[in-house]
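Each reported figure results from applying straightforward, stated rules to the coordinates on display, with no laboratory input. Just so we're clear, the structure is a prediction, and the values are computed from it rather than from any experiment. Positions of Cβ are generated from backbone atoms using ideal geometry, with glycine treated the same way; all protein chains shown enter the neighbour counts.
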């Protein structure tokens, strides 16, 4: 048989056939080629990201921890307590209790505001449906993905925690990265 | 009683003891260095860093490993045989250390006016001594695996036994060519005979066969079937933990150093330098250590490159390719030696 075989032949090599000398030469040559490959990799820079010090950059549309927003000019909350996010949530992790705004106590721009707004992040699947459902863009998905904690109750994020300016710990991926 | 072996150079008993302490103080320090170098180099070859958290650049990683292993609980399976289970790692480590004793780091030097040979002992049966301890080392693996009372250990031990026996033949025959050419079994004698030409050139096939068989003898990749992680969990040391496991690990890396040392001595001209450079005597051990380092790098490099052989491939390679090659090499060398002398 000729070597190498044509395109229409699928050749399965189990032993250094055909021809012991050529087979040995080929096996030896392939071994050396493999050694060259590993040596070349050794001279390159490792691709490791040393995680706690370096963080994986995220894309702009990355769905990390949620954020609640306020109007920048008036400081009023955007959320009006409509509970559409809770309705859209497939894992049922959002709890909203609405209350009426009064002239003395005005929290949001609408008639009502969210008195209680809790997201149970131990149940959240980060699908982003809440963000899509919200008519006032009051809730969006942030970039923070470092969300581990010691107890489950610590993962229930309250309104204050979601409204607070988030720690920008996660680098954003630059164009072309 | 007939003389079994002649010792090439005798020293006072206190020099012997001092030498033993110095050689093993240095030699045993090499093991953690090799261990760390292996992990770092394997890491770099796989495009990652390797250990870099303990100490500067991960330099204290072996220390941390050893402390971790030694502070662990000693346990053994209820199916194991107690005294053999404890004895087997000791056999492994004793044979490795004993084999280390004959590696020459230099010829006789005058240190403070006292002649000292820079080796553990210069016996007139160097390679035989090596193979004797190589053969005993197989008991370390065999007894360890068998006395564990576990199927994985037993399978690993059985493979190890077959592999060591198969490759020891080729390893021995590969050295025969060198011994014919040098006309001596003393390792210092073999080095001295390489003045002018290292044996890697005239004995190239012997070198290749010895190297491949050396990989098999030390149970290193691609011949690490005794501890084939993917199929045998850990092979003969599956049931071992703590200090006993550390002993096995230590013995493996010391064996790598021993094989590197023997290749250096027998094929790479020991402490000799090429191009007629004759440095002062104190450089010799560093030359040997440098060459050993290169050989150890080769061991690591091959481990990073080659996949593990299948068991039947291992056996057919050993008996059908390596052994005929070694035999042919010895025969051709013998004929050439007779013709030229």
Where both residues lie in segment A:61-177, what percent of DSSP beta bridges are antiparallel, nearest 5? 95 percent
FRET efficiency for residue B:192 and residue B:73, Cβ-Cβ distance as r, R0 = 60 Å, nearest 0.05? 0.75
Roughly what would the spin-label model give for residue B:282 and residue A:137, points 7 Å off Cα along C-beta, in nm? 7.7 nm
Work the Kirkwood hydrodynamic radius out for segment A:46-113: mean of 1/r over every pair of different alpha-carbon atoms, inverted, in Å. 15.3 Å
What ranking do B:65, B:284 get, fewest neighbouring Cβ atoms within 10 angstrom at the top? B:65, B:284
Please compute P(r) over all alpha-carbon pairs of the protein assembly as shown, binned at 10 Å starting from zero, and give each bin as a whole-number percent. 3, 14, 20, 18, 13, 10, 9, 7, 4, 2, 0, 0
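Would you mind ranking B:142, A:141 so that the residue whose beta carbon has the fewest other beta carbons within 10 Å leads the list?
Values: B:142 21, A:141 18.
The fewest-first ordering by Cβ neighbours comes to A:141, B:142.
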For labels at residue B:165 and residue A:56 in the simple 7 Å Cα→Cβ model, what's the distance in nm? 5.1 nm
Comparing A:57, A:90, A:103, which has the greatest mean-square fluctuation in the GNM of chain A with Cα pairs linked when under 10 Å apart? A:103
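Note down the relative contact order for segment B:192-289 as a percent, whole number, built from C-alpha pairs under 8 angstrom at least six residues apart.
Working: 65 pairs, mean separation 30.8, N = 98.
That works out to 31 percent.
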For the residues B:224, A:8, A:144, what sequence is obtained by ranking on other C-beta atoms within 10 Å, fewest first? A:8, A:144, B:224
To the nearest 0.05, the calculated FRET efficiency linking residue B:158 and residue B:48 through their beta-carbon distance, R0 being 45 Å, is 0.85
Where does the protein assembly as shown land at 222 nm, in deg cm²/dmol rounded to the nearest 500, when only DSSP H runs of n ≥ 4 count, each adding -39500 (n - 2.57), divided by all residues? -16000 deg cm²/dmol
Virtual spin-label span in nm between residue A:160 and residue B:313, 7 Å along Cα→Cβ: 6.5 nm
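Which percent, nearest 5, of DSSP beta bridges in the protein assembly as shown are antiparallel? Mind showing how you got there, number by number?
Values: 18 of 20 bridges.
Of all bridge pairs located within the protein assembly as shown, approximately 90 percent are antiparallel.
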